[in-house]
Amino acid sequence: MKMNPPEHWANFIKAFTKKYKDEIIFDVVRVFRTVEEIQERYDTYEFGEYISEYLPVADDSGGQVAVISKDEGNTKVYLSSYGVLQEKDFEVLDRDLMHWMQRKFPFERKQNAVSEANLERKQNENTILAQKIASFPSILQFLKEPAIIEGLALPENYTSVEHIYYFQDGYHYNSVENKDLTSDAPGKFKSDWIVVASNYFADPFFIDLNEAKDDFPVYFAYHGQGVWEPVKIAESLSTFQEILQEIQNLRFGKEALIQYFDENIDLENPLWKEVYTSIEEEEEEESIETYESIGSEVNLYITDIGPNKMKVIALLKKQFGLSGSEALELSKKPKILFRTGYRKWLEYDAKQLEDLGAIVEFETLD
């Protein structure tokens with residue numbers, strides 16, 4: 001059968017292959033980098049006969065294998081064994097692949113049961129933080145108009161006000177080990193730091209709630225370094241939003257984007273220097289592509305959301321940073337502008353939508 005891994009695997013593998021080049025990492029872990037590798041192990045170990053609704057994504061170079069569900073709505077990573085592929089014997093390794101990568105791909109899990117009281121506490125924490133955030137118009141404006149920029153270590157994932165506490169998982173607390181991670185000690189994540197966005201590597205972009213009078217300067221830090229070392233990357237949220245929007249507008253005009261950085265960005269800043277280097281390298285790689293190879297600039301429209309309405313609504317919610325009710329209203333429109341760009345770069349989005357049963361069309365721009 002033809003493999004069709006869920007979208008969250010595709011997002012994870014893009015981040016993984018950018019970060020790790022070796023075939024074996026952390027001495028024993030082998031992550032399957034392609035659909036073909038997944039297919040080979042799926043067939044070799046007869047997944048189709050025993051656990052047909054799951055896909056192998058990594059192993060420990062021994063008998064243990066990490067698997068994920070084919071179901072788009074289930075992002076958990078499960079531990080199984082090549083010798084005993086039985087769903088009833090699964091153990092949950094992590095909540096999702098990106099978080100598992102942050103934790104350096106452990107093939108065991110601490111069993112920390114989450115009590116009803118703890119779940120209720122998290123809900124209360126979320127309500128309190130959401131109410132606090134709602135009192136700051138600049139934060140609301142930033143989250144209302146997210147600029148999603150792929151491939152440059154810039155924000156690709158944004159929180160919503162409604163679920164902002166849950167977005168702090170991995171920074172404020174560890175939901176897998178049921179552990180608070182905040183502290184005022186040097187190198188620790190402070191309780192007043194609020195993560196508003198993250199990139200593909202789960203590196204956070206955050207603000208300090210004590211700096212409201214300065215319109216919230218924006219900080220960045222590399223995840224997984226052992227200590228948090230914040231770098232200020234923008235003087236305010238509004239300034240950061242303007243920079244991101246300008247980069248988004250110039251994303252596929254490399255010459256103009258490099259000129260913008262040369263004239264407006266502090267290239268001594270570690271993050272912006274990394275982004276600038278990535279742009280320069282992309283320019284070298286992509287300069288051989290012709291207009292014909294990337295296609296014309298187009299609008300990608302959804303003309304019918306199809307039978308899987310809730311999945312498409314969830315995708316709209318993520319794409320535009322909408323609330324559930326706003327995404328529902330948008331889904332009722334007869335024609336929805338999903339994204340604008342060169343056709344080559346939008347073909348993945350079109351396939352993703354079609355796989356969900358939606359009908360799409362491209363409209364060439366003059």
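Counting Lys and Arg as +1 and Asp and Glu as -1, what is the net charge of the other residues whose Cβ lies under 12 Å from the Cβ of residue 270? Net local charge, residue 270 excluded: -3. Label point of residue 103 set 7 angstrom out along Cα-Cβ; within region 215-237, amide nitrogens under 16 Å from it belong to 224. Sorted largest first by accessible area at a 1.4 angstrom probe radius, with every protein chain in place, the residues 22, 169, 96 fall in the order 22, 96, 169. In summary, the lysines within cross-link reach of residue 351, defined as a Cα separation below 20 angstrom excluding same-chain residues under 8 places away, comprise 2, 14, 70, 309, 311, 317, 318, 335. Note on surface exposure: 316, 328 rank 328, 316 by accessible area, highest first, 1.4 Å probe. Projecting label points 7 angstrom from Cα along Cα→Cβ for residue 332 and residue 136 puts them 3.4 nm apart.
Checked against a 22 Å cut-off, the cross-linked pairs 144/332; 19/88; 104/254 give Cα-Cα distances beyond that limit for 19/88; 104/254. Per residue, the convex hull spanned by the alpha carbons of region 78-210 comes to 146 Å³. What the Kirkwood sum gives for the chain is a hydrodynamic radius of 22.5 Å, with every pair of different alpha carbons counted.
In the complete set of protein chains, residue-level accessible area for residue 337 is approximately 80 Å², probe 1.4 angstrom.
Subtracting the Cα-Cα distance of residue 24 and residue 277 from their residue separation scaled by 0.36 nm leaves 88.4 nm.
Sorting the segments 67-80, 348-361 by their mean number of nearby beta carbons within 10 angstrom, highest to lowest, gives 67-80, 348-361.
Normalised per residue, the accessible area of the chain is 51 Å², obtained with a 1.4 Å probe and no contribution from ligands, DNA or RNA. Computed with every protein chain present, the accessible area of residue 345 is close to 80 Å² [probe 1.4 Å]. For region 187-342, the percent of C-alpha pairs falling in each 10 Å distance bin, counted from 0 to the bin holding the largest distance, reads 9, 27, 30, 26, 7, 0. In the chain, the portion of solvent-accessible area held by carbon and sulfur atoms comes to 49 percent [1.4 Å probe, whole percent, DNA, RNA and ligands not counted].
Take every Cα pair under 8 Å whose residues are at least 6 apart in sequence, average their separation, divide by the length of region 16-163, and the relative contact order is 12 percent.
How much FRET efficiency would the formula 1/(1 + (r/R0)^6) give for residue 191 and residue 40, where r is the Cβ-Cβ distance and R0 is 41 Å, rounded to 0.05? My answer for the efficiency is 0.30. Its alpha carbons give region 1-113 an Rg and a Dmax of 12.9, 38 Å.
The values are calculated or read from the model by the stated rules, or taken from the named source; none is laboratory data. From a predicted model like this one, the values you see are computed outputs, not experimental measurements. Here Cβ is always computed from backbone atoms with ideal geometry, including for glycine, and neighbour counts include all displayed protein chains. These area figures cover heavy atoms from the full protein model, side chains too; ligands, DNA and RNA do not enter into them. Shrake-Rupley method; radii C 1.70, N 1.55, O 1.52, S 1.80 Å.
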